[in-house]
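Take a look at this one; I'll ask things after.
The values are calculated or read from the model by the stated rules, or taken from the named source; none is laboratory data. Small disclaimer: the values here were computed from a predicted structure and weren't measured. Don't worry about glycine lacking a Cβ; one is built from the backbone with ideal geometry, like all the others, and counts go over all protein chains shown.
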Amino acid sequence: MNLVLTGSTSGIGWETLLALLPKFDKVFLPVRNLAKAEKLIQHLPHKEKIVLIYLDLSNLASVKAGAAVLLSQVDAIQVLINNAGGMYPAGKRTAEGVDLSFSSNHLGQFLLFQELLPALIKGQAKVIQVSSEAHRIAGPPEQDFSLRKSSSTVSSYAKVKLYNILFTNELITYYASEGLSAYSLHPGAVRTAFGSEASPWAKGLIAFTKLFFISPKAGAATTIFLATTPKENLRNGGYYKNKKLSSPSSLSRDPKLAKVLWELSLAEIQRVFSNTGTAKK
C-alpha cells in the first residue's frame, strides 16, 4: 500500500509518519524544505520506504509540478492525508495572488487531490482531512469564500477549517461511486509550533491556551485511527474526534456551501493558471 502525507516534518504530521511508516510499502512526503526533511528521516527505521518530493501547498504551480513527480513514481495511492496547514496573518497573499491561509489550508490541498485523482481512484483511496473544532466559529462564507476581504487571522483560520469538512463532503458526492472514501477530523488542541506565522494577537492567544494542549503524539491518534481502520468500520464522509464519529457544525453539513466551494476552487485554480483546461472536475 502507498501513503501520501503532507505536513510530515513537525508536530502531529511527524507523529503520524512514525506510526504509519511500518504499515505501508511506500510513503510519499511532499515537503517545502527538502534539506530539513532529509535530516529528519536519515535515522528512521524503514527510511528506504520514504520518497521525498518538493511541493509547496501555498504555490499552485509547485503543487502541480510536485504531483506530476509523484505520479511518475506510483500509479495507485491507498491513503492521502492532508495534514499540512497553519494560521497565517489575514490579508497575506501568495505570489500567485491567493490568500495565504486559503491556499495553504484548502486550495493547495484541493489541487493536490485533483492532480492525484487517477492514482487515488486506482487505489480505492481514503482521503483524510485534518480539520479543527475551530470550524464551529466560522461565519457564513458566501460573500468572501477566498478570504480576499478578511481582516481577522482567527476568522480566516476558522473558515479554512470549515472548508476542510465541506471539501470532504463534496468529494464523497462526486467520487464515492468510484470507490473513494473521505474523512475529516479534529486532532485536539496540540502543543506544536502551530501559529508561528500568525498575527501577534493570535500568537498570544495560542501561547496562553497551550497550557491546556495535548502532545503531538496524542494529537495524531485520530489520523492514525482513520488511516488504519477498515473502511467498513468507518462512516464515509464522517467527521471524527478522539477516534469517534462526531457531529460537525450545521454550516459544514450544508450541501449548497460544499458545492459552491468546490466550483469556486476550480475557478480559482483556472484563474491562477489562466487556462480553463488545467483544473479537473
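Take the residues in the stretch 133-146 that are under 22 Å from Tyr239 (Cβ atoms) and touching a helix residue (DSSP H, G or I) at 6+ places or on another chain (Cβ under 6 Å); name whichever of them is surrounded by the fewest Cβ atoms within 10 Å (Cβ to Cβ).
The qualifying residue surrounded by the fewest Cβ atoms within 10 Å (Cβ to Cβ) is Ile137.
Here's a follow-up. Here is a check on your reading of the model: is Lys126 surrounded by fewer than 24 Cβ atoms within 10 Å (Cβ to Cβ) and modelled with pLDDT of 95 or more?
When the stated conditions are applied, Lys126 passes them.
If a residue has to be part of a loop (DSSP other than H, G, I, E, B) and either touching a helix residue (DSSP H, G or I) at 6+ places or on another chain (Cβ under 6 Å) or among the hydrophobic types (A, V, I, L, M, F, W, C) (or both) to count, how many in the stretch 103-132 make the cut?
Within the stretch 103-132, residues that are part of a loop (DSSP other than H, G, I, E, B) and either touching a helix residue (DSSP H, G or I) at 6+ places or on another chain (Cβ under 6 Å) or among the hydrophobic types (A, V, I, L, M, F, W, C) (or both) number 3.
Would you mind stating whether Ala84 is surrounded by fewer than 17 Cβ atoms within 10 Å (Cβ to Cβ) and among the small types (Gly, Ala, Ser)?
No, not satisfied.
Of the residues Val130, Val79, only one is more than 22 Å from Ser155 (Cα to Cα) and among the aliphatic types (A, V, I, L, M); which?
Val79 is the lone residue from the list that is more than 22 Å from Ser155 (Cα to Cα) and among the aliphatic types (A, V, I, L, M).
With the requirement that a residue be over 17 Å from the mean Cα position of the chain (by Cα) and over 25 Å from Thr223 (Cα atoms), what does the stretch 62-72 give you?
Ala65, Ala68, Val69, Ser72 - these are the residues of the stretch 62-72 that are over 17 Å from the mean Cα position of the chain (by Cα) and over 25 Å from Thr223 (Cα atoms).
Anything in the stretch 136-147 that is in contact with a Pro (Cβ under 9 Å, 6 or more places away or on another chain) and closer than 20 Å to Glu263 by Cβ? List them, or say none.
Scanning the stretch 136-147 gives a single hit, Leu147.
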